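Everything below concerns the one structure shown next.
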Amino acid sequence: MTGPGRIAVAGCGPAGLAVAILLRRQGRDVAIYERFAAPQPVGSGLMLQPTGLAVLRAMGLEAGLLGKGARIARLFGRAAPSGRIVLDVRYDALGPGLFGLAVHRAALFEALHAAALASGATIHAGRAVAAAPLRPDGRRDLAFADGDRAGPFDLVIDALGARSTLAPPTGRDLPYGALWASLDWPEGGPFAGDALEQRYVRAVRMAGVLPIGLAPARERPQAAYFWSLRADALADWRAAGLARWKDEARALWPQTASLLDEIVAPEQLVFARYAHRTLAAPAEPALMHVGDAWRSTSPQLGQGANMALLDAVALALALADTPAGRDPLERAVALRRRHVLLYQGMSRLFTPFYQSDGRTLPFIRDALAGPLSRIPPFPRLLAAMVAGGVGGPLRGLGLTKADEAP
């Protein structure tokens with residue numbers, strides 16, 4: 001083994017757990033520090049794209065998740081009240097047998113958490129990381145919110161997410177976020193079991209339904225329901241009460257009535273605030289930012305967890321075989337830079353078409369998106385974009401190739 005031996009991972013989300021597993025399998029001493037008293041996932045469902053599934057396959061975790069998630073063949077959306085198709089992306093445009101996998105965040109967390117423990121990584125709960133000061137000898141300590149410290153570490157990996165205390169402030173909060181709820185999937189109901197479906201009113205209203213399979217300790221398959229909302233309207237939404245909002249949601253999409261009936265308390269809906277940020281220097285001396293701590297954006301392209309998993313592989317690979325004289329952290333950044341920049345740019349471009357107050361961009365979307373999705377080469381390009389393959393992110397990572405686009 002070469003490179004750092006004693007490593008601290010700050011954060012117990014997908015990025016932190018995945019990198020801890022991979023580095024433990026290299027024989028390194030890895031400790032994870034998590035602010036919650038008991039490590040746990042936050043949120044409802046997410047999409048594992050072919051890129052993320054390639055990482056999980058290499059880690060030996062894909063098969064277990066396939067049995068818990070829902071295979072997604074299509075992303076489909078209509079504008080209201082016209083009913084015009086404004087989103088239609090099919091994975092099979094890239095080739096037969098390709099799909100996304102929608103899972104409950106708790107199912108992904110459970111698989112990664114169990115693998116981290118099995119690898120021998122130690123997890124320290126109830127440790128809110130406040131800083132990672134650099135020592136004169138080039139190593140780092142961890143400083144916690146309660147004044148305690150741990151270390152020294154040869155490397156600290158920041159996997160604390162978009163609000164990381166270890167990353168410099170950058171970027172901006174986006175005006176829109178979304179309310180999310182995990183509900184029972186309506187068996188035999190009006191929704192396709194292999195599709196993410198959405199409805200829009202311009203870009204100021206958006207509702208979505210995503211089958212996400214089984215959550216831990218649940219016997220019935222689940223659905224993720226989400227509702228787009230401006231962050232500065234959250235207080236007014238709470239004050240208006242559930243009944244008023246449910247009337248609005250049913251009017252937009254009557255077929256969601258049975259799902260809305262399951263929501264009986266505001267606490268069932270968790271508000272997710274989105275931010276667009278990209279660190280100029282994700283690698284610092286003895287410190288590497290991964291996942292949303294490196295960059296974050298809106299979830300319109302469904303890449304967050306997948307990019308975090310790719311970051312973990314790139315860092316593990318760089319630490320394992322970077323030639324002498326080269327900085328392995330800078331190599332890890334180089335392995336990921338092109339893909340990160342492409343998807344950050346695409347997110348900046350496409351988010352206002354689906355979450356914004358403007359009228360022009362949604363008008364263009366409604367007029368062009370549906371027809372273009374049926375004219376070659378756009379079906380393949382759209383599918384490659386959603387599948388995470390634009391920029392060839394698996395090249396150089398030693399992973400089983402999924403369909404990619406140059």
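Filtering segment 54-79 to residues that are free of Cβ contacts under 8 Å to residues at least 12 places away in the same chain and either buried (at least 18 other Cβ atoms within 10 Å of the Cβ) or among the acidic types (D, E) (or both) leaves only E62. Scanning segment 141-179 for residues that are of a type in the set (S, T, N, Q) and in contact with a His (Cβ under 8 Å, 6 or more places away or on another chain) yields a single hit, S164. With respect to (1) more than 21 Å from G67 (Cβ to Cβ); (2) exposed (fewer than 15 other Cβ atoms within 10 Å of the Cβ); (3) in contact (Cβ under 8 Å) with a residue 40 or more places away in the chain, the lone exception for A243 is condition (3).
Among the residues making up segment 358-399, those that are assigned to a helix (DSSP H, G or I) and in contact with a Pro (Cβ under 7 Å, 6 or more places away or on another chain) are L361, A387. Among the residues of segment 89-96, is any crowded, with 23+ Cβ neighbours inside 10 Å, over 30 Å from G27 (Cα atoms) and aromatic (F, W, Y)? The answer is yes; a qualifying residue exists. Residues in segment 201-221 that are part of a strand (DSSP E or B) and either within 22 Å of the chain's Cα centre (by Cα) or under 26 Å from G97 (Cα atoms) (or both): R205, M206, A207, G208, V209, L210, P211, I212, G213. Checked against the criterion of being small (G, A, S) and crowded, with 23+ Cβ neighbours inside 10 Å, the candidates S82, S119, S44 yield just one match: S44. Looking across segment 11-63, the residues that are in a strand (DSSP E or B), touching a helix residue (DSSP H, G or I) at 6+ places or on another chain (Cβ under 8 Å) and more than 28 Å from F226 (Cβ to Cβ) come down to V30, I32.
In this structure, is A203 under 16 Å from S298 (Cα atoms), surrounded by 14 or more Cβ atoms within 10 Å (Cβ to Cβ) and of a type in the set (G, A, S)? Judged against the criteria, A203 is a match. Is it the case that L329 is surrounded by 21 or more Cβ atoms within 10 Å (Cβ to Cβ), closer than 28 Å to D292 by Cα, over 21 Å from the mean Cα position of the chain (by Cα) and of a type outside the set (G, A, S)? In short, yes. For V9, the stated conditions do not hold, so it cannot be described as closer than 29 Å to M206 by Cβ, over 18 Å from the mean Cα position of the chain (by Cα) and in contact (Cβ under 8 Å) with a residue 12 or more places away in the chain.
Any read-out appearing in this document is the output of simple, stated calculations on the displayed coordinates, not a laboratory observation. Since the model is a prediction, treat every value here as computed from it, not as a measurement. All Cβ positions, glycine included, derive from the backbone under ideal geometry; neighbour counts span all protein chains shown.
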